[in-house]
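Asks: Sharing a structure, written as structure tokens. Questions coming.
The values are calculated or read from the model by the stated rules, or taken from the named source; none is laboratory data. These numbers come from a predicted model, not from an experiment. A quick note on method: Cβ atoms are made from the backbone with ideal geometry, for glycine too, and the neighbour counts reach across all protein chains shown. With ligands, DNA and RNA removed, areas are computed over all heavy atoms of the protein, side chains included. Shrake-Rupley method; radii C 1.70, N 1.55, O 1.52, S 1.80 Å.
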Amino acid sequence: MIPASFEYHAAKSVEDALALLGKYGDGAKLLAGGHSLIPALKLRLQSVEHLIDLGRISGLDSIREAGGKIAIGALTTHQAVETSELLRKKCPLLAECAGHIGDVQVRNRGTIGGSLSHADPAADYPAAVLALEAEIEATSAKGKRTIGADGFFVDMLTTALQPGEIVTEIRVPLQAASTGSAYLKVAQPASGFAIVGVAALVTLDGSGKCSRVRVGVTGAAVKGYRAKETEAELGGKAPDDAMLARAAERATNGVETSGDIFASPEYRAHLTRVYTRRALAAAVARARKGA
Ligand code: FAD
């Protein structure tokens with residue numbers, strides 16, 4: 001299908017994009033990789049009067065270490081995240097997660113800022129950024145503010161971004177010593193979107209007990225979430241298979257799992273618990289190997 005007509009603006013800088021957003025207000029939308037927005041426009045699920053293309057802004061696609069974190073520009077493609085040597089070495093969970101997104105074409109065009117801003121309940125990144133307790137930097141005409149991943153995803157396709165804000169950077173912590181992580185997903189066979197995806201991050205202390213456990217879940221519900229009861233269950237304990245299974249059983253406590261033609265709410269809940277156990281087991285094995 002062909003989208004309804006709109007005016008196209010190629011922003012030259014973040015300031016230029018902000019000025020255009022200010023000028024056109026509700027009639028404007030930002031364009032990054034276009035791999036969520038363009039299909040929605042073509043299907044006429046969305047319409048826009050002014051499309052502000054961020055794609056020509058330079059400097060928003062870098063991955064660099066700064067202040068004990070890794071800062072990733074919002075326009076960084078999934079492919080660049082997946083293949084970044086810096087991320088693979090110092091924050092492997094995000095690179096592993098990016099490698100699970102869609103197919104080569106999607107990974108070459110789609111951006112981390114676009115994916116997070118779109119907040120698709122079946123997107124992969126929410127699980128990883130929640131487990132990593134990442135920070136999302138939003139820039140507006142008033143300046144910059146930082147939103148923690150835990151408060152960023154508000155509802156289906158809804159984030160804490162305010163009108164006039166642009167995601168400019170995502171910051172993730174460097175992986176601590178004796179830490180292992182894993183992202184596992186059940187993919188929808190055609191699109192690759194997550195029916196359920198689970199990111200686990202486990203840090204072991206000198207005696208092999210969990211000093212930090214973080215579990216991010218995507219696909220299971222209307223928005224990504226942290227499985228905090230699972231995390232708490234493992235805190236301070238030396239994990240074995242039975243313990244991981246017990247903790248994983250709590251991964252959907254208090255969560256209303258979604259149902260659609262791919263999976264009923266009950267099946268999604270079951271998959272979430274199974275993939276939480278598997279992701280935790282993989283993370284623990286990697287933490288032990290690296291310890
Ligand atoms: P766009 O489509 O350009 O924008 C998406 C939304 O975010 C728009 O509302 C836009 O206005 C807004 N936006 C964009 N950038 C910013 C910004 N910097 N600040 C504020 N708002 C912004 N995703 C997965 O996670 N897993 C998959 O398996 C998967 N499979 C896919 C398969 C197919 C066939 C396709 C077409 C897409 C798939 N995707 C998947 C989605 C893909 O990852 C998209 O790239 C991503 O969701 C959106 O990123 P984008 O850069 O393309 O954003």
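Asks: Which members of the range 96-121 meet the condition of being of a type in the set (A, V, I, L, M, F, W, C) and open to solvent by less than 10 Å² (accessible area, probe 1.4 Å)?
Replies: 97, 98, 112, 116, 119
Asks: Looking at (1) more than 30 Å from residue 118 (Cα to Cα); (2) outside any helix (DSSP H, G or I); (3) open to solvent by 30 Å² or more (accessible area, probe 1.4 Å), which one does residue 246 not meet, given that it meets all the others?
Replies: Of everything listed in (1) more than 30 Å from residue 118 (Cα to Cα); (2) outside any helix (DSSP H, G or I); (3) open to solvent by 30 Å² or more (accessible area, probe 1.4 Å), residue 246 misses just condition (2).
Asks: Suppose the filter is in contact with a Gly (Cβ under 6 Å, 6 or more places away or on another chain), part of a loop (DSSP other than H, G, I, E, B), in contact (Cβ under 8 Å) with a residue 60 or more places away in the chain and not aromatic (Phe, Trp, Tyr); does residue 192 pass it? Even if it seems obvious, please write down each step before you answer.
Replies: On the way: in contact with a Gly (Cβ under 6 Å, 6 or more places away or on another chain): yes; part of a loop (DSSP other than H, G, I, E, B): yes; in contact (Cβ under 8 Å) with a residue 60 or more places away in the chain: yes; not aromatic (Phe, Trp, Tyr): yes.
Answer is yes for this residue.
Asks: Can you pull out every residue in the range 181-204 that is under 19 Å from residue 233 (Cα atoms) and open to solvent by 10 Å² or more (accessible area, probe 1.4 Å)?
Replies: Taking the range 181-204 and keeping what is under 19 Å from residue 233 (Cα atoms), we get 181-182, 198-204.
Matches in the range 181-204: 201, 203, 204.
Asks: Could you list, in sequence order, all residues of the range 17-30 that are under 21 Å from residue 120 (Cα atoms) and open to solvent by 20 Å² or more (accessible area, probe 1.4 Å)? Before the answer, list the steps.
Replies: Residues of the range 17-30 that are under 21 Å from residue 120 (Cα atoms), as a first pass: 26, 28-30.
Residues satisfying the conditions are 26, 29, 30.
Asks: Given the structure, is residue 259 part of a loop (DSSP other than H, G, I, E, B), over 20 Å from residue 185 (Cβ atoms) and not assigned by TED's automatic domain parsing to the domain that holds residue 134? Give the derivation first.
Replies: Details: part of a loop (DSSP other than H, G, I, E, B): yes; over 20 Å from residue 185 (Cβ atoms): no; not assigned by TED's automatic domain parsing to the domain that holds residue 134: yes.
Against the criterion (part of a loop (DSSP other than H, G, I, E, B), over 20 Å from residue 185 (Cβ atoms) and not assigned by TED's automatic domain parsing to the domain that holds residue 134), residue 259 does not qualify.
Asks: Still on this structure, please answer the following. For the range 185-192, check the following and say yes or no: at least one residue is farther than 14 Å from residue 132 by Cβ, among the polar types (S, T, N, Q) and more than 14 Å from the ligand (Cβ to nearest atom).
Replies: Residues of the range 185-192 farther than 14 Å from residue 132 by Cβ: 185-192.
Imposing the further condition that a residue be among the polar types (S, T, N, Q) reduces the set to 188, 191.
Filter once more, so that each one left must be more than 14 Å from the ligand (Cβ to nearest atom): none.
No.
Asks: To continue, here is another question. Please verify whether the range 145-160 includes one or more residues that are open to solvent by less than 10 Å² (accessible area, probe 1.4 Å), within 11 Å of the ligand (Cβ to nearest atom) and part of a strand (DSSP E or B).
Replies: There is no residue in the range 145-160 that is open to solvent by less than 10 Å² (accessible area, probe 1.4 Å), within 11 Å of the ligand (Cβ to nearest atom) and part of a strand (DSSP E or B).
Asks: Tell me which residues, restricted to the range 249-266, are over 19 Å from residue 231 (Cα atoms) and surrounded by fewer than 15 Cβ atoms within 10 Å (Cβ to Cβ).
Replies: 259, 260, 261, 264, 266
Asks: Related question: Hey, can you tell me all the residues within the range 122-136 that are open to solvent by 20 Å² or more (accessible area, probe 1.4 Å) and within 18 Å of residue 75 (Cα to Cα)?
Replies: 135
Asks: Among the residues of the range 34-48, which ones are over 23 Å from residue 77 (Cα atoms), open to solvent by 40 Å² or more (accessible area, probe 1.4 Å) and either at pLDDT 95 or above or of a type in the set (A, V, I, L, M) (or both)?
Replies: 43, 45
Asks: What about residue 218, is it in contact with a helix residue (DSSP H, G or I) (Cβ under 9 Å, 6 or more places away or on another chain), among the polar types (S, T, N, Q) and more than 16 Å from the ligand (Cβ to nearest atom)?
Replies: Numbers: in contact with a helix residue (DSSP H, G or I) (Cβ under 9 Å, 6 or more places away or on another chain): yes; among the polar types (S, T, N, Q): yes; more than 16 Å from the ligand (Cβ to nearest atom): no.
Considered against the rule, which asks whether it is in contact with a helix residue (DSSP H, G or I) (Cβ under 9 Å, 6 or more places away or on another chain), among the polar types (S, T, N, Q) and more than 16 Å from the ligand (Cβ to nearest atom), residue 218 comes out as no.
Asks: So, one more: Is the range 127-141 home to any residue that is modelled with pLDDT of 95 or more, touching an Asp or Glu at 6+ places or on another chain (Cβ under 6 Å), acidic (Asp, Glu) and in a strand (DSSP E or B)? Talk me through it step by step, then tell me what you get.
Replies: Going residue by residue through the range 127-141, those that are modelled with pLDDT of 95 or more are 127-141.
Still in the list and also touching an Asp or Glu at 6+ places or on another chain (Cβ under 6 Å): 137-138, 140.
After this cut, where a residue has to be acidic (Asp, Glu) as well, the list is 137.
Narrowing further to those that are in a strand (DSSP E or B): 137.
There is at least one residue in the range 127-141 that is modelled with pLDDT of 95 or more, touching an Asp or Glu at 6+ places or on another chain (Cβ under 6 Å), acidic (Asp, Glu) and in a strand (DSSP E or B).
Asks: Same structure again: Considering every residue within the range 194-214, establish whether at least one is closer than 28 Å to residue 53 by Cα and within 15 Å of the ligand (Cβ to nearest atom).
Replies: Step one: of the range 194-214, the residues closer than 28 Å to residue 53 by Cα are 194.
With within 15 Å of the ligand (Cβ to nearest atom) added as a condition, the list becomes 194.
Yes, the conditions are met somewhere in the range 194-214.
Asks: Something else: Report, ordered by the first and then the second residue, all pairs with beta carbons closer than 7 Å, sequence separation of six or more or different chains, a first member in the range 93-106 that is more than 14 Å from residue 185 (Cα to Cα) and within 11 Å of the ligand (Cβ to nearest atom), and a second member that is open to solvent by less than 50 Å² (accessible area, probe 1.4 Å) and not in a helix (DSSP H, G or I).
Replies: Final answer for the pair search is 103/192.
Asks: If a residue has to be under 23 Å from residue 97 (Cβ atoms) and either open to solvent by 30 Å² or more (accessible area, probe 1.4 Å) or of a type in the set (Gly, Ala, Ser) (or both) to count, how many in the range 49-76 make the cut?
Replies: Of the residues in the range 49-76, the ones under 23 Å from residue 97 (Cβ atoms) are 54-55, 60-76.
Cutting the leftovers down to either open to solvent by 30 Å² or more (accessible area, probe 1.4 Å) or of a type in the set (Gly, Ala, Ser) (or both) gives us 55, 61-69, 71, 73-74.
Number satisfying all stated conditions: 13.
Asks: Have a look at 47, 58, 36 and point out the one that is within 8 Å of the ligand (Cβ to nearest atom) and among the polar types (S, T, N, Q).
Replies: On the way: 47 fails: within 8 Å of the ligand (Cβ to nearest atom); 58 fails: within 8 Å of the ligand (Cβ to nearest atom).
It is 36.
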